Amino acid sequence: MSEGVRIDKWLWAVRIFKTRSLASDHCKSAKVTIGGISVKPSKIIHIDEVISVKRPPAIFSYKVKGLISKRVSASLAAKHVENITPQAELDKLAQVKESVFFKRERGTGRPTKKERRDIDKLRT
């Protein structure tokens, strides 16, 4: 299949999205771009194109290494895509995880009312 594959099928097949309809919806809402231009779900992609996917707070970049239109195992799918997301974007993701979640030790049970108020203060 050297002529190309639809972008929504490829995004689903290489496991960037869990369902093809999610991939299609992201394309329709201009969250998937190639070269800075938003694409429709029916856009045909080719090898060595760079695809950007906006998933707030980060923008992930992927390079097309192979064309597949059927969903395969994760180990096989990894051969068809290369994650070239800059480290700065990955740091944004880590920063949000640190700021939103409150760490509790395992086995301490449910939080008390006072602990719950403290957690709520940290989130706001």
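Just so it is clear, none of the values below were taken in a lab; they were calculated from the coordinates. Given the structure is predicted, the values throughout are model-derived calculations rather than measurements. As a convention, Cβ positions derive from the backbone with ideal geometry for all residues, glycine included, and neighbour counts pool all protein chains shown.
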Practice prompt. Tell me the label-point distance for the pair residue 18, residue 106, using the 7 Å Cα-to-Cβ offset, in nm and rounded to one decimal.
Written response: 2.4
Worksheet item: Which of the lysines could a cross-linker span from residue 114 if the Cα-Cα distance has to be under 29 Å and same-chain partners fewer than 8 positions apart are dropped?
Response: 97, 103
Item to complete: Any chance you could give the angle, 0 to 90 degrees and rounded to 10, that helix 113-123 forms with the longest Cα principal axis of the chain?
Response: 40
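Evaluate the relative contact order of the chain (contact order divided by residue number), counting alpha-carbon pairs under 8 angstrom at least 6 apart; express in whole percent.
22
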Response to the item:
The longest stretch of the chain containing none of the chymotrypsin sites (Phe, Trp or Tyr not before Pro) that sit in a DSSP loop with at most 15 other Cβ atoms within 10 Å is 1-100
Worksheet, complete the sentence: Only helices counted: for the chain, with every DSSP H run of 4 or more residues adding -39500 (n - 2.57) and the sum spread over all residues, [θ] at 222 nm is -10000 deg cm²/dmol
Discussion item. I'd like the GluC sites (Glu not before Pro) in region 28-124 restricted to DSSP loop residues with at most 11 other Cβ atoms within 10 Å, sorted by number.
Written reply: 105
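Shape of region 1-75 from its Cα gyration tensor (a ≥ b ≥ c, root eigenvalues): rounded if a/c is under 1.5, otherwise prolate when a/b > b/c, or oblate?
Cα axes put region 1-75 in the rounded bin.
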Item to complete: Using a cut-off of under 15 Å, list every residue of region 1-44 whose amide N is near the label point 7 Å from the Cα of residue 65 along the Cα-to-beta-carbon line.
Response: 14-16
